[in-house]
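Undergrad: Have a look at this one before I ask anything.
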Amino acid sequence: MKKVRVRFAPSPTGGLHLGGVRTALYNYLFAKKHNGDFVLRVEDTDQNRYVEGAEQYIIDCLTWCGILPDEGPHHEGEYGPYRQSERKDVYRKYAEELVKKGHAYYAFDTPEEIESLREKLKSEGKSNLQYGYHVRNDMRNSLTLPAEETEALLKINFPHVIRIKIEANEFVSFRDMIRGDIQMDTSSVDDKVLIKADGMPTYHLAVVVDDYLMKITHAFRGEEWLPSAPVHVLLWKYLGLQHHMPEWAHFPLILKPDGNGKLSKRDGERLGFPVFAMQWKDPNTGDLLKGFKELGFLPEAFINLLAVLGWNDGTEQEIFTIDELIEKFSIERVHSSGAKFDFEKAKWFNHEWIKKLPVTNYQSSVKKLLQESSVTIDDENKLEKILQLVKDRCTLLTDFVLQSSFFFKFPDTIDITAVKPKWDDKKNQFFVELIRAYEFMNQWQHDELEKEFKEIAAANQIKSGELMLPLRIMLVGGKFGPGVFHIAELLEKEETIKRIEHGLSLLIKNHKVAL
RNA sequence: GCCGCGUUGGUCAAGGGGUUAAGACGCCUCCCUUUCACGGAGGAAUCACGGGUUCGAAUCCCGUACGUGGUACCA
């Protein structure tokens, strides 16, 4: 059996969005599952759409996701080069071979001529122009021109394209690993351009030539390619390479959560969630678009949520490690219908992964976030304990900032309004005694702190529950956070007492004013 | 318009002739927790429609509707 080889073939035109990452992921999973190769091929044949930095950005995203291809421009293998722009010369040969065989022809119509013909047909209320069997004989091409004239035009390098010549009224059929047998009438597909006037191939030619040359065994791509699949299948056939043709699978689209249509860059902005894996700054427009990474997603969670958006293993399992995915993934279980993206569920996945992973896995990321909000971390050990203590409360990595800043610095605000209305002299007395008792404590530990607290409460005949919230407010600043004695323990003696004293001073002042 | 692909709760989805039609997210209620979470127990909510085939259809077939993709010298 042939070695499995798959490819992810993005065009470097901007940010890498959800759908793209998922396509890469499914390719990766399939390759790893079958001990195959995963190739990155950069489809940069459209020079007008070239965007500076996009290729490196794609590699960075795949690296962050942990699904970096085995071969590609970043890591040359034996099938390079991996940028189609650098393979320009190989494609023409195949196109000319097709011309010789009568499966393609030179066309000298200018884009303007075709455009005006389209306009004309449109104004006559006819359907879209298809440059195909019913019009090709009225156009300026090597099929209609005398051979000498074609020769002459080619000799002076008159701008031309090479088009595939698709025979009408035939059926092309092929098997899609997800959708089963698919059959299309060739009359509905037009004579696609294979080589553009600038000498570059179009996607259609490049994809089959490269898949052949790179020995790709399985070609997986988005559903938007399904309508042009017959062209590709025909190309394999016309080239006499049909025995080398890869197996096909077309993945379903990822749709907008609200209305309809496939998810696009704009939707993220509009609906308040990212559509890119990582932040992307467009060098041309200067636009900065946030990514899942910057929002506080873990790569493990991102991969996981993408994997199960359109695939599942048939059990109730939803949380998968990358290794489990490799083991369980199968193309046949990929859905054929599109799925709307649900950001709420995406966050749930991240929450699950924050809880599941050892905090040391993301400690450095959280540390960076804390430092960015001017919290100084001096003790990694302490940080680890804190993260462990608060992780259940964090859905995104960025939530750790709120949940753990107060351990390192005095709260910015103390929400005394939460306790002020019920404040009285008895409580006052309690906290004065508590400070004194805490000052004399030797064992600064959770259980001891709680025991002391409850004893003093009992002695003052106050329910300890009524005193917990005030203590929390004093230590944390607000109504959130883990168990209050856990906080006190980590804050340590000096800081805890300092905060109680400060809180008390605010309340006394406030209390008197209220009287 | 034409061509392709699709359609199970609001969303992700299991199930592919006989099921009380799983599960998850979100929402609601309760328990736990004298904060917020975590955790636990419940609840509301679904087979697009119409015809067939069949003893029996969410499941197979045909239509319709709707959605979606393509229809570029873009990928």
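Undergrad: Per residue and in Å³, how big is the convex hull formed by the alpha-carbon atoms of chain A?
TA: 201 Å³
Undergrad: What is the dipole size for chain A, taken about its Cα centre, with +1 at each Lys and Arg Cβ and -1 at each Asp and Glu Cβ, in debye to the nearest 20?
TA: 680 debye
Undergrad: Starting from the 7 Å offset along Cα-to-Cβ, what nm value, one decimal, do you get for the label separation of A:Lys420 and A:Ser173?
TA: Label at A:Lys420, label at A:Ser173, 7.9 nm between them.
Undergrad: Work out how much length A:Ser228 to A:Lys3 would gain on full extension: take 0.36 nm times their residue separation and subtract the Cα-Cα distance, in nm to one decimal.
TA: Gain in length upon complete extension: 78.3 nm.
Undergrad: May I ask you to sort A:His218, A:His34 by Cβ crowding, counting other Cβ atoms within 10 Å and putting the fewest first?
TA: The most exposed by this proxy come first: A:His34, A:His218.
Undergrad: Give the average over all directions of the projected area of the C-alpha convex hull of region A:43-170, one decimal, in nm².
TA: 12.2 nm²
Undergrad: Still on this structure, please answer the following. Determine by what factor the alpha-carbon radius of gyration of region A:224-266 differs from 2.2 N^0.38 Å, reporting the quotient.
TA: Dividing the Cα Rg of region A:224-266 by 2.2 N^0.38 Å gives 1.67.
Undergrad: Something else about it: Can you tell me what percent of all Cα-Cα pairs in region A:222-309 are more than 14 Å apart?
TA: 75 percent
Undergrad: Turning to a different aspect of this structure: Among DSSP bridges having both ends in chain A, what percentage is antiparallel? Round to the nearest 5.
TA: Percentage antiparallel, nearest 5: 55.
Undergrad: What is the gain in length, in nm to one decimal, between A:Asp392 and A:Asp138 on full extension, counting 0.36 nm per residue of separation less the C-alpha to C-alpha distance?
TA: 84.4 nm
Undergrad: Using the number of other C-beta atoms within 10 angstrom as an exposure proxy, rank A:Thr13, A:Thr45 with the fewest first.
TA: Ordered by Cβ neighbours within 10 Å, fewest first: A:Thr13, A:Thr45.
Undergrad: Going from the alpha-carbon gyration tensor of region A:34-85, what semi-axes, largest first and in whole Å, does one get by taking the root of 5 times each eigenvalue?
TA: Working from the Cα gyration tensor, I get semi-axes of 20, 15, 8 Å.
Undergrad: If one computes the Cα centroid of region A:192-256 and of region A:1-71, what distance in Å separates the two points?
TA: Taking the Cα centre of each part, region A:192-256 and region A:1-71 sit 16 Å apart.
Undergrad: I need the Kirkwood Rh of region A:358-408: take the reciprocal of the average 1/r across all distinct C-alpha pairs and report it in angstrom.
TA: 10.5 Å is the Kirkwood radius here.
Undergrad: Another question about this same structure. Return the ratio Rg/(2.2 N^0.38 Å) for region A:269-330, where Rg is computed over Cα atoms only.
TA: Compared with the compact-globule rule of thumb, region A:269-330 sits at 1.40.
Undergrad: Taking Cα atoms, how many degrees apart are the long axis of helix A:229-238 and the longest axis of chain A, rounded to 10 and kept between 0 and 90?
TA: 40 degrees
Undergrad: Given 0.36 nm per residue, what is the gain on full extension from A:Gln183 to A:His75 after removing their alpha carbon distance, in nm?
TA: Separation in residues times 0.36 nm, less the Cα-Cα distance, equals 35.1 nm.
Undergrad: Go ahead and run the numbers for FRET between A:Phe343 and A:Asn312, Cβ-Cβ distance against an R0 of 22 Å, rounding to 0.05.
TA: E between A:Phe343 and A:Asn312, to the nearest 0.05, is 0.70.
Undergrad: What list do you get for A:Asp211, A:Asp46 if you sort them by fewest beta carbons within 10 Å?
TA: Taking fewest neighbouring Cβ atoms as first place, the list is A:Asp46, A:Asp211.
Undergrad: For an R0 of 30 angstrom, estimate the FRET efficiency from the Cβ-Cβ distance between A:Ala152 and A:Glu119 and round to the nearest 0.05.
TA: Working from the Cβ atoms, E equals 0.50.
Undergrad: A further question follows. In region A:435-456, which residues have a backbone nitrogen under 14 Å from the label point lying 7 Å from A:Gln429's Cα in the Cα-to-Cβ direction?
TA: Inside the label zone: A:456.
Undergrad: Then there is this: Nearest 10 degrees is fine. How inclined is helix A:88-101 to the longest principal axis of chain A, computing both from alpha carbons?
TA: The angle comes out near 40 degrees.
Undergrad: Could you pull the Cα extents of region A:85-251 along its three principal axes, largest to smallest, in whole Å?
TA: 44, 40, 26
Read-outs: derived from the displayed coordinates by stated rules, not from any lab. The model shown is predicted, which means the values in this text are computed figures rather than measured ones. Reconstructed Cβ throughout: ideal geometry from the backbone, glycine too, with neighbour counts over all protein chains shown.
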